[in-house]
Amino acid sequence: MRNAIVLTLMLLALVVLCPGAAHAERIALLISSDDAPYKEAVAGFNEYVGKQGLQPSYELINLGGDASKTGEAIQKIKLGRFDLIFALGSLATDAVAREISDTPIVAGLVLRPESLKKGGNITGVSLEFPLDLQFSWIQKVIPQARTIGVIYSPEENKKKIEAAIKAAQKMGLKLEAQEVRTSQEVPDVLERLSKRAQVLWGVPDTVALSMQMAKPILLFSLQNSIPVVAPSSMWVKAGALYSLDCDYKDVGAQCGEMAVKVLKGASPGALPPESPRTVNYSLNMNTARMMKLAIPDDLVRGAKQTF
Amino acid sequence: MNISTVNKVCFIILAVIILPPVSSAQDQAPVMFAAVSEESLLFQEIPSVYGASKFEQKVTQAPSSVSIVTSQDIKKNGYRTLADILRSVSSFYVTYDRNYNYIGVRGFGRPGDYNTRVLLLIDGHRTNDNIYNQAAIGTEAILDVDLIDRVEIIRGPGSSLYGSNAFFGVINVITRRGRDLKGTEVSGEAGSFNTYKGRLTYGNRYQNGAEAIASGTAYDSKGDRLYYPEFDPANPAADPRATNGGYSDNSDYDRSQNLFSTVAFGDFTLQGAYVSRTKGIPTGAFGTDFNDARNKTVDTRSYADLKYEHGLSAKTDLTVRLFYDYYQYTGDYLYSGVINKDVSYGTWAGTEVKLITRLQDMQRLIVGAEYQGSFRENQQNYNVDPYASGLDDVRRSRIMAAYLQDEITFSKSLILNAGVRYDNYSTFGGTTNPRLALIAMPTEKSTVKVLYGSAFRAPNDYELYYQVPGLSVANPELKPEKITTTEVVFDQYLGDHLRASVLGYYYKIKDLINYGTDPVTGLPQFQNLEEVTAKGSQAELEGKWANGIEARISYTVQRTKDQLTGDPITNSPAQMVKLVLNVPVMKDKIFLGVEEQYMDRRKIDAGGYAPAFAITNLTLFSQNLVQRLDASVSVYNLFNKEYGDPVTLDFVQPTIRQDGRSYRFKLTYAF
């Protein structure tokens, strides 16, 4: 709640301090929740848009992670006749993409690039780095690894895994992909992977990589000396080997770039969805030591966070 | 519980396995894609696993009471053998007659039983031999403890899955893999009694996915100079063989060589192991000449195990195992200077096929079959010079078995584990053993298990066929021993770092094999004589903190009863207390391990009691203080407590004195 107040005050200050705001473009800012990454992205967006000489007025709507609030929020946006909707997070993005087709939408902090292809009025920046980039990092950090294990639920990640198998093949890697439909299957599937996989690639997945499964997966990793390439630095802090992390502020700025183009007349459909352009990474040296993995010094020095 | 009750339980288990479970649609539905929580996968804090027990889930959801001892525990506490490891866990105790170590579990520890009532597996390979069914846990064990990744100690009857010997429990040793070494490791140690040990191990996992480990160990101990008043000529009640002032010189020696290797590639894993151990007998056991270093036993054991593991579908895994095993025992026993040789040879081979499948996302079904053919089970006894044969017994046998186990997850908080196995022996026929476990998790941090199971121990060749004219008579009609156990286990996590466990059990053993008298000859003969019941409970508190402190304290109380006499059985301590404490002296670098073991007094075969004792062991262990070097100093029996272990009536000593204060210094270097 306190975070929401701070965020609202921040935006109000922006509106008040901008002379002539009444004539500026109107942007609806719909955020899935007020976790720190959303705040950083909002800050990056504002900063970029401000630097471009635009002085839009903002209306912040925070869903607070509650799906039941989306109906009310959509009504508000529809009535507000905004020039642009800046949506952050899957909850916000999916809601506006589904319900609004006559207002341009720029979205950010969504896990799946598919969410940004749901209509001609939407574009944005996903949280997912390109597959070839992710695999090249595996080759850089764990050069001896040839077989990459991954567990996923087909409902969420079938297409992504199909693409990943091809991408890995092109890079001389083998993806050992195992489906799970319930979290109960995860221990058996991990057991199966323990014999083949040299690294476990953590794909965001609410079944296979849920918060509840984090502990068994990380313990499996330590027991079997199979490093986990994690979807976020939080996992690295807990015991995964490394993660490629987004610079959320920069994702906001990247969205800001797209928003400015749209406000200047570009069609969102003409702007292809993008991946985050800045790659940060976190390393867990404790895990590296336990698994007897030699991480080159320059990689250690370049890490945004080491644990 | 009588046989018809066991049959009823088998019927219920089969019904449970065959009939699909009734469950709500909600339970069966997969977790749906929930947009609201997607980003939280990236943004939410995840608890660190460094302070957690690596095998927590295995312990809480297993259909048994389980303890796990890891390679780190072995290093931090200076465990030298599997016997040391077992001494440290609750409800287990070990006695030593200065030749072999004997396991006691839940108040039942029969000296001289060669651990036939416990099944010892190495990576799933059964190591109990085909002559004595011995589980070797001392220096004669086939695996150097330095090659252990972890030991899973599973209490209670396990015959529903593993067949014979899984009577009181199963000890499943998981070995280190190539990936755990990623190079070469050399280790050397020196200790009291002129004891030295050296080991060279290489292991790696290669880019093509192949993985290998190979290791060799040599161990040599001169042993202690031991004093036995029973053999002191100055003692008016001394044995007629008394000599040398009651001292046994140069007879406690212990030498062994071990080889071990595992190679894995794709779906195949090939493992081989070998040990040869020579141990002097310093005790004058079996009426042999006292203080003659020629009294000795040589145990040689080896095996090769080829395993094929393949995922047949997303939910079904197939495991096929082929194995070949070898065992040879030679005992040299001196009687008035004449060497009597006691020899046995065993070779056996077999296969196991196992299918694990997940049905309806909530049933985990294991179906398996085993075949083991023993094509050599030979026992001989003869005097060398002048030659005289007492026994030359040549046998073959086979075992066939099939089993079924189903783990049904009714909901997140209720699991039913039901299993049944049928074994058919060419010797005594068939036996069926069920196990039923209901595991409830009323809260995220609590687990209640209610367990019932039966198990059996097949009579071994020694009990069936060993006879020496004029001394003992064979009994090929022996039936298997049977045990039924009922158990309740309660596990409770207290905060993030403490786990409390309380359990209570009751068991009944029927047809227990022991020496009786052959009604025809009047000579000793193994017979299905006894019936034993026992009840006991165990409380354990275990803590693990992120700062590296680890502690485990347990209290066991148990009462056994020989149904014929109404008395407690021998070598059965009524109470045991164990403490294991590991404290980091320097973070991640130096650890202090303190162990305290208290054992209540134990009744002995010869009459009377072996007094209660408490011993303290201390280990200071450092890792990477100097890069890649591990070093440790251990002091065992720190306060030099004098105590003895009960032994069989084959000894004139009622108890055999154990080592006083002793030391070990160990260095391990990895490169």
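Values quoted throughout were computed directly from the atomic coordinates according to the rules given, and no laboratory measurement underlies them. Given the structure is predicted, the values throughout are model-derived calculations rather than measurements. All Cβ positions, even for glycine, are placed from backbone atoms using ideal geometry, and neighbour counts span all protein chains on display.
When the inverse distances between all different Cα atoms of the protein assembly as shown are averaged and flipped, the Kirkwood radius reads 31.4 angstrom. In the protein assembly as shown, a dipole from Cβ-located charges (positive for Lys and Arg, negative for Asp and Glu) runs towards its positive end, and of B:Ser336, A:Tyr242, B:Ser187 it is A:Tyr242 whose Cα lies farthest in that direction.
Summing Lys and Arg as +1 and Asp and Glu as -1 over all other residues whose Cβ lies under 11 Å from the Cβ of B:Tyr636 gives a net charge of +2.
Counting every C-alpha pair in chain A, the share spaced more than 29 angstrom apart comes to 40%.
Taking every Cα-Cα distance in chain B and sorting them into 20 Å bins from zero, the calculated P(r) comes out as 17, 53, 27, 3, 0 percent.
So if I place +1 on the C-beta of Lys and Arg and -1 on the C-beta of Asp and Glu, and nothing else carries charge, what would the dipole magnitude of segment B:237-370 be about its Cα centre? I want it in debye, nearest 20.
Roughly 240 debye for segment B:237-370.
Mean partner shielding of peptide B:556-564, defined as the number of other chain Cβ atoms within 10 Å of each residue Cβ, is 0.
Placing +1 on each Lys and Arg Cβ and -1 on each Asp and Glu Cβ, with no other charges, gives segment A:175-297 a dipole about its Cα centre of roughly 160 debye.
Around B:Leu451, with a cut-off of 14 angstrom between Cβ atoms, what is the net charge of the other residues, counting Lys and Arg +1 and Asp and Glu -1?
Combined, the nearby Lys, Arg, Asp and Glu give +1.
Of the residues A:Ser275, B:Ser336, the one with the fewest other Cβ atoms within 10 Å heads the list, and the complete ranking is B:Ser336, A:Ser275. Cβ-to-Cβ counts within 10 Å put B:Leu86, B:Leu359, A:Leu60, B:Leu494 in ascending order as B:Leu494, B:Leu359, A:Leu60, B:Leu86, the fewest first.
Considering only B:Tyr102, B:Pro63, B:Tyr382, the residue lying farthest towards the positive end of the dipole of chain B is B:Pro63, judged by Cα position with unit charges set on Cβ.
Determine the calculated [θ] at 222 nm for chain A from helices alone, applying -39500 (n - 2.57) to every DSSP H run no shorter than 4 residues and normalising by the residue count; nearest 500 deg cm²/dmol. Could you put the intermediate results ahead of the total?
Values: 12 runs with 138 residues, N = 307.
Mean residue ellipticity at 222 nm (helix-derived): -14000 deg cm²/dmol.
Treating each Cα of segment B:617-665 as one equal point scatterer and applying the Debye formula with no solvent, the log10 of I(q)/I(0) at q = 0.27, 0.31 Å⁻¹ comes out as -0.92, -1.03.
Extent along the principal axes, Cα only, for segment A:145-293: 55, 32, 31 Å, with the longest axis given first. Each of B:Gly607, A:Gln184, B:Leu355 was placed along the dipole of the protein assembly as shown (beta-carbon charges, centred on the mean Cα), and the one lying farthest toward the positive end is A:Gln184. Arranged from fewest to most other beta-carbon atoms within 10 Å of their beta carbon, B:Ile103, B:Ile604 become B:Ile604, B:Ile103. Summing charges over all other residues whose Cβ lies under 9 Å from the Cβ of A:Glu59, with Lys and Arg as +1 and Asp and Glu as -1, gives +2. For the peptides B:122-130, A:166-174, the ranking by packing is B:122-130, A:166-174, with the highest mean count of neighbouring Cβ atoms within 10 Å listed first.
Placing dummy labels 7 Å off each Cα toward the beta-carbon, the span from B:Ser276 to A:Ala67 is 6.9 nm.
In a simple Cβ point-charge model (Lys, Arg +1; Asp, Glu -1; nothing else charged), chain B has a dipole of about 840 debye relative to its Cα centre.
Averaged over its residues, how many other protein chain Cβ atoms are within 10 Å of peptide B:206-215's Cβ atoms?
Per residue, the number of nearby Cβ atoms from other chains is 2 on average.
For segment B:60-67, 3J(HN,Hα) computed residue by residue from phi via the Karplus equation (6.51, -1.76, 1.60; θ = phi - 60°) reads 6, 9, 6, x, 7, 8, 10, 10 Hz, glycine and proline entered as x.
Which of the three applies to segment B:107-236, rounded, prolate or oblate, going by the alpha-carbon gyration tensor with a ≥ b ≥ c and a/c under 1.5 meaning rounded? Taking the square roots of the gyration eigenvalues as a ≥ b ≥ c, segment B:107-236 is oblate. When shorter helices are ignored and each DSSP H run of at least 4 residues is given -39500 (n - 2.57), the per-residue value for chain B at 222 nm works out to -2000 deg cm²/dmol.
Once divided by 2.2 N^0.38 Å, the Cα radius of gyration of segment B:470-561 becomes 1.75.
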